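Below is one structure, written out as structure tokens, with a few remarks after it.
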Amino acid sequence: MENANADVTTSEYHRYKVVRRCSSAEILNFNVYQFSISWSRLFPDGEGTINNKKGVVYYNNLIDYVLKKGNLNHYDIPLELQKKYEDFLSPKIVLNQEDFEEHAEKAKTLPESTTNEDKLILYGLYKQATVGDVNTPKPGVFNMRDRAKWCAWEAVKDKPKEEAMSDYITKVKQLLEEAAAAGTS
């Protein structure tokens with residue numbers, strides 16, 4: 001009997017652009033698509049070298065396609081990292097400098113409509129992540145722009161660099177998602 005087992009179900013791997021969930025989402029005018037990454041196929045131990053280059057290409061294509069169609073949120077980590085670090089938001093999740101620099105570049109693409117408050121939050125977190133605690137005197141009252149930036153940096157004083165880096169990345173992601181949802185990205 002043909003197709004008597006579940007080896008191939010929707011064949012999302014080959015047909016993600018026409019798979020029922022994606023098509024139905026478009027018909028119903030949804031702008032969110034839910035999927036799960038099979039982390040163990042990419043990283044059997046949760047870390048290290050990717051052992052499935054075709055899988056990476058597939059997920060890159062899927063994510064790019066979903067981003068063109070609407071929003072993308074993903075809150076899943078490999079099981080081995082979940083065991084090791086306890087929780088996705090745990091400061092134990094190690095971020096590398098490359099991730100931080102990538103998001104610093106993405107921050108430059110934020111729309112003009114990004115509020116000054118959000119820009120100042122990003123500035124303070126960026127300085128804390130790259131320099132550490134504020135190390136300059138507070139600018140005078142007539143230098144309002146630099147004073148606001150200094151105060152934003154001072155607001156995150158004593159925050160560990162790794163935590164500031166993580167918070168910065170999270171804030172950039174949040175602002176990019178908000179911009180995409182508003183259609184201003």
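Could you order T130, T114, T109 by accessible surface area, starting with the largest, using a probe radius of 1.4 Å?
T109, T130, T114
Using a 1.4 angstrom probe on the protein heavy atoms only, could you order E112, E105 from most to least accessible area?
Details: E112 165, E105 105 Å².
These residues rank, largest area first, as E112, E105.
Express the carbon and sulfur contribution to the solvent-accessible surface of the range 100-185 as a percent, rounded to the nearest whole number, probe 1.4 angstrom. Kindly include the intermediate steps, with their values, before the conclusion.
Details: 2780 of 5280 Å².
Result for the range 100-185: 53 percent of the exposed heavy-atom area is carbon or sulfur.
Note the full-extension length gain between C151 and N61 as 0.36 nm times their separation in residues minus their Cα-Cα distance, in nm to one decimal.
Fully extending the segment from C151 to N61 adds 28.2 nm.
When only the heavy atoms of the protein chains count and the probe is 1.4 Å, how do Y65, Y126 rank by accessible area, highest first? Could the numbers behind the result be given before it?
On the way: Y65 40, Y126 90 Å².
So, going from the largest accessible area down, we get Y126, Y65.
Report Rg (one decimal) and Dmax (nearest whole number) for the range 92-185, counting Cα atoms only, units Å.
13.7, 41
Set the Förster radius R0 to 30 Å, insert the Cβ-Cβ distance between V141 and K161 as r into 1/(1 + (r/R0)^6), and round the FRET efficiency to 0.05.
The calculated FRET efficiency here is 0.50.
Taking the Cβ of K161 as the centre, find all other residues whose Cβ is under 13 Å away and add up their charges (Lys, Arg: +1; Asp, Glu: -1).
Values: positive: K127, K157, K159; negative: D133, D158, E162, E163, D167.
Overall, the nearby charge balance is -2.
The values are calculated or read from the model by the stated rules, or taken from the named source; none is laboratory data. This structure is a prediction, so every number in the text was calculated from the model and none was measured. No Cβ is skipped: glycine too gets one built from the backbone with ideal geometry, and neighbour counts run over all protein chains shown. Surface accessibility is based on the protein's heavy atoms, side chains included, excluding ligands, DNA and RNA. Shrake-Rupley method; radii C 1.70, N 1.55, O 1.52, S 1.80 Å.
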